[in-house]
Amino acid sequence: MFTKSTYLFLCLSTNVLGHGYVREYTFDGVGYVSYLPYDRPDFTQPPESIARFLGNGINPLKDPLDISITCGKDAYPAPKMANVTAGSTFMVQWNEWPHTGPIYTYMARCPNGQDCSDFSGTSGDHWFKIEEHGIIEYDSTSGLAWAAQKMYDADNTWNITIPPCIAPGPYIIRHETMAIQDSDEPGGAQFYPQCSQVWVSGGVEPTVEPTLVSLPGDIQPDDPGVLFDRKAALESGEYTCP
Ligand SMILES: *[C@@H]1O[C@H](CO)[C@@H](O)[C@H](O)[C@H]1NC(C)=O
Ligand SMILES: *[C@@H]1O[C@H](CO)[C@@H](O)[C@H](O)[C@H]1NC(C)=O
Ligand SMILES: [Cu+2]
């Protein structure tokens, strides 16, 4: 027993130093625990969550054309759903985020109109992007920085606004960071998508139908936001998220 738990502990600490995952979401001021790949209090069942199972845990995805890119490896629908008002800003809390790179978020309306229990989002055009931040003007003195720097400095939080004019109903929110330390080599970019389920209420009429894309599909291995020279990008400030 002693040996086993010590070994487990060492494994976890090594991993946790490397990457990251979303630990908590705050929608309309209410905190919701995310899917926790490691820090379950009793190492048995994950708590019932609004977040989809994340089989890759804190580890990155490398192939944007694999269906894992939609919501993570072996993702499946979560038992719960958060309530959120259209036009409101929600917060994601990562456990940590030790990499640099862009941050962007997509949503998809769950087609049955009731919940997201039968929707993987892995085929067909369902997704629309609600925010993207690549290189940002950090503040008046520091100049340009990657969005992840701002997240890191804000205690690993990021705030995202739900579009005010989308139709009410069930949606998946797919929030993603990309780690770009090896993005100058083909296959070097690391993707960390995370999916949560929400019921959106309110909304400004008339609602606007967003342009929909597929995932996998919208992020390509040779996209100039995926395969690029990160130092040159930061120097020039020229970068477009995939
Ligand atoms: C969401 O709102 C519905 C309808 O008001 C309510 O029944 C449900 O309990 C709410 N869910 C959460 C997680 O607060
Ligand atoms: C997100 O919002 C929270 C609460 O308002 C704030 O403490 C945090 O600094 C914000 N994070 C970023 C990256 O702006
Ligand atoms: Cu990492």
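The values are calculated or read from the model by the stated rules, or taken from the named source; none is laboratory data. Predicted model only: the values in this text are computed from it and were never measured. All Cβ positions, even for glycine, are placed from backbone atoms using ideal geometry, and neighbour counts span all protein chains on display. Heads up: the accessible areas ignore ligands, DNA and RNA and are worked out on the full protein's heavy atoms, side chains in. Shrake-Rupley method; radii C 1.70, N 1.55, O 1.52, S 1.80 Å.
Subtract the Cα-Cα distance of residue 136 and residue 201 from 0.36 nm times their separation in residues, and report this length gain in nm to one decimal.
Contour length minus Cα-Cα distance gives 20.3 nm.
Expressed as cubic angstrom per residue, what is the convex hull volume of the alpha carbon set of the chain?
Here the figure is 136 Å³ per residue.
How many nm is it between the label spots at residue 114 and residue 229, if each spot is 7 Å from the Cα in line with the beta carbon?
Between residue 114 and residue 229, the simple spin-label model gives 5.6 nm.
How high is the relative contact order of the range 22-236, in percent, with contacts defined as C-alpha pairs under 8 Å that are six or more residues apart?
26
Counting other C-beta atoms within 10 Å, and keeping those with at most 10, which DSSP coil chymotrypsin sites (Phe, Trp or Tyr not before Pro) do you find in the range 172-228?
Passing both the DSSP loop test and the Cβ count: no residue.
Given 0.36 nm per residue, what is the gain on full extension from residue 167 to residue 48 after removing their alpha carbon distance, in nm?
Value of the extension gain: 40.2 nm.
For residue 62, which lysines qualify as cross-link partners when the Cα separation must be under 17 Å and same-chain residues fewer than eight apart are set aside?
By straight Cα distance, residue 62 reaches 73.
Before I look further, what does the chain give for accessible area per residue, probe 1.4 Å, in whole square angstrom?
Normalised by residue count, the accessible surface of the chain is 48 Å².
Counting only protein heavy atoms, what percent of the accessible surface of the chain is carbon or sulfur at a 1.4 Å probe?
The nonpolar share, carbon plus sulfur, comes to 54 percent.
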